[in-house]
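Input: a single structure, listed below in structure tokens.
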Amino acid sequence: MKAFILSAEELGRLVTEWAKSGAVYAPVKVKDWSEFRRISSLAEADLTRVNTKLSARSLLFPQCETMFRFETSHPDKAQLAAEPVPQVILGVRPCDAAGIAVLDKFFAGQGETDTFYRRRRDKTILVGLACQVPDDTCFCTAVGGSPAGTRGLDLLLTDIGGHYVAEPLTERGEAAVKDMNEAAAADLAKKDELASKATAAMAERIDTRKLKELLDTADTNPVWGELSLPCVNCGACTFVCPTCHCFDITDETRKDKGARIRVWDTCQSCMYSQHASGHNPRLAPAARFRNRTMDKFRYTVDQVGEVSCVGCGRCIRECPAGIDIRETVERLMLALGEQSADAMQTADCKMQKAK
Ligand code: SF4
Ligand code: SF4
């Protein structure tokens, strides 16, 4: 698809148009961080920070959501929650958009479709913003992403200094900008130069290529006990993660009225894996820590064909215990690599003895 050029004024007019026919969300400055909030004009947005505190997943999979309402005397006459309004999410960073593409696989991919996610997703336009100065906690390039990645987006904007190069990626994205001027070769060259600089500035520290094979041998390695020692199982890492998707469902009633609510859950809670029998396979904090790491880098490879860490760095920034998932992966690779080298040596010895 052709790329277009947008001035800040033209982007402002687009936001005003979008806000007339639905909701527009964008990062808005809150104290020393930013959050996705509903805006009515571009002036309210803060597009200067790399990542919001919570990712855009909460706009597609809210932290607390009413699924339907009912009367306790007629639970068979439940009323589905109102249809969501169309929404544009502006200023989504490429890692977050990649996270939404992963969520799509969980909630709206093959097999069962989650109605509540699907109907929001179908009415959402994702307008991304390429990163130019990555945070020191960013590592998207280590997990297959890029500061100018387009995955999951309808439209990607790159600020080339007072103007934006707008690359449509879907028909919805193209419809939004098709009346603008086509980007000139010099604009595209500037965009590519900025993308290369941002990639070069990324403090990539981990190599996840061999992780899947190594994690297959990780079950009983004592390294989990060491890595998880500082973890207080608060769950902050799971709540800020753009790809975590576990939820709990509860019925709340008052007098004769009730509502079925779903809320985010966390594998870091000890009740998360408690069976009805009372048995809990992940009672030990280390087992819960291990589960989260394995889920990001191993289990989802089987479930949806890819790791589910997009390198946004939020869990690193928000962990009260200072746990850095990049260090976790590095130390795991080292410990498991040594373990597999030992195993190979033992096997060699056995073969030598057998001869
Ligand atoms: S945020 Fe840190 S302390 Fe809290 S559960 Fe996650 S790793 Fe553990
Ligand atoms: S595991 Fe951490 S760095 Fe990876 S996507 Fe989740 S919050 Fe971001």
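The values are calculated or read from the model by the stated rules, or taken from the named source; none is laboratory data. Keep in mind that what you see is a predicted model, and the values were worked out from it rather than measured. Neighbour counts are summed over all protein chains in view; Cβ atoms, including those assigned to glycine, are modelled from backbone coordinates with ideal geometry.
So if I check each of THR170, THR158, THR137, THR141, which one is more than 17 Å from ALA201 (Cβ to Cβ) and among the hydroxyl-bearing types (Ser, Thr, Tyr)?
THR170 is the lone residue from the list that is more than 17 Å from ALA201 (Cβ to Cβ) and among the hydroxyl-bearing types (Ser, Thr, Tyr).
Taking the criterion of being in contact with an Asp or Glu (Cβ under 6 Å, 6 or more places away or on another chain) and not assigned by TED's automatic domain parsing to the domain that holds ASP32, the residues of segment 50-72 that qualify are GLU71, THR72. Filtering segment 147-169 to residues that are outside any strand (DSSP E or B) and modelled with pLDDT of 95 or more leaves PRO147, ALA148, GLY149, THR150, ARG151, GLY152, LEU153, ASP154, ILE160, LEU169. Scanning segment 219-244 for residues that are within 16 Å of ligand 1 (Cβ to nearest atom), crowded, with 18+ Cβ neighbours inside 10 Å and part of a loop (DSSP other than H, G, I, E, B) returns CYS231, ASN233, GLY235, CYS241, PRO242, THR243, CYS244.
Okay, residues lined up against (1) within 15 Å of VAL240 (Cα to Cα); (2) surrounded by fewer than 16 Cβ atoms within 10 Å (Cβ to Cβ):
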{"site": "ALA43", "(1), (2)": "no, yes"}
{"site": "ARG57", "(1), (2)": "yes, no"}
{"site": "PHE61", "(1), (2)": "yes, no"}
{"site": "GLN87", "(1), (2)": "no, no"}
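Any residue that is under 28 Å from VAL177 (Cβ atoms), over 15 Å from the mean Cα position of the chain (by Cα), surrounded by fewer than 23 Cβ atoms within 10 Å (Cβ to Cβ) and more than 16 Å from ligand 1 (Cβ to nearest atom) - is there at least one of those in segment 90-102? No: segment 90-102 contains no residue that is under 28 Å from VAL177 (Cβ atoms), over 15 Å from the mean Cα position of the chain (by Cα), surrounded by fewer than 23 Cβ atoms within 10 Å (Cβ to Cβ) and more than 16 Å from ligand 1 (Cβ to nearest atom). The residue list ASP187, ASP154, ASP136, ASP216 contains one member that is surrounded by 18 or more Cβ atoms within 10 Å (Cβ to Cβ), in contact (Cβ under 8 Å) with a residue 24 or more places away in the chain and within 24 Å of CYS241 (Cα to Cα), which is ASP154. In segment 252-263 there is no residue matching the filter, namely being closer than 12 Å to GLN63 by Cα, under 19 Å from the mean Cα position of the chain (by Cα) and within 13 Å of ligand 1 (Cβ to nearest atom). Consider segment 1-39 and keep the residues that are among the hydroxyl-bearing types (Ser, Thr, Tyr) and at pLDDT 95 or above. The one that is nearest to ALA184 (Cα to Cα) is SER7. I'd like the residue in segment 288-302 that is out of contact with any helix residue (DSSP H, G or I) (no Cβ under 8 Å at 6 or more places or on another chain) and more than 12 Å from ligand 1 (Cβ to nearest atom) and, out of all such residues, is nearest to GLY225 (Cα to Cα). Checking each candidate, the answer is ASP295. Do we have GLU306 as under 16 Å from the mean Cα position of the chain (by Cα), within 9 Å of ligand 1 (Cβ to nearest atom) and either modelled with pLDDT of 95 or more or not assigned by TED's automatic domain parsing to the domain that holds PHE139 (or both) here? Spelling it out, it is not the case that GLU306 is under 16 Å from the mean Cα position of the chain (by Cα), within 9 Å of ligand 1 (Cβ to nearest atom) and either modelled with pLDDT of 95 or more or not assigned by TED's automatic domain parsing to the domain that holds PHE139 (or both).
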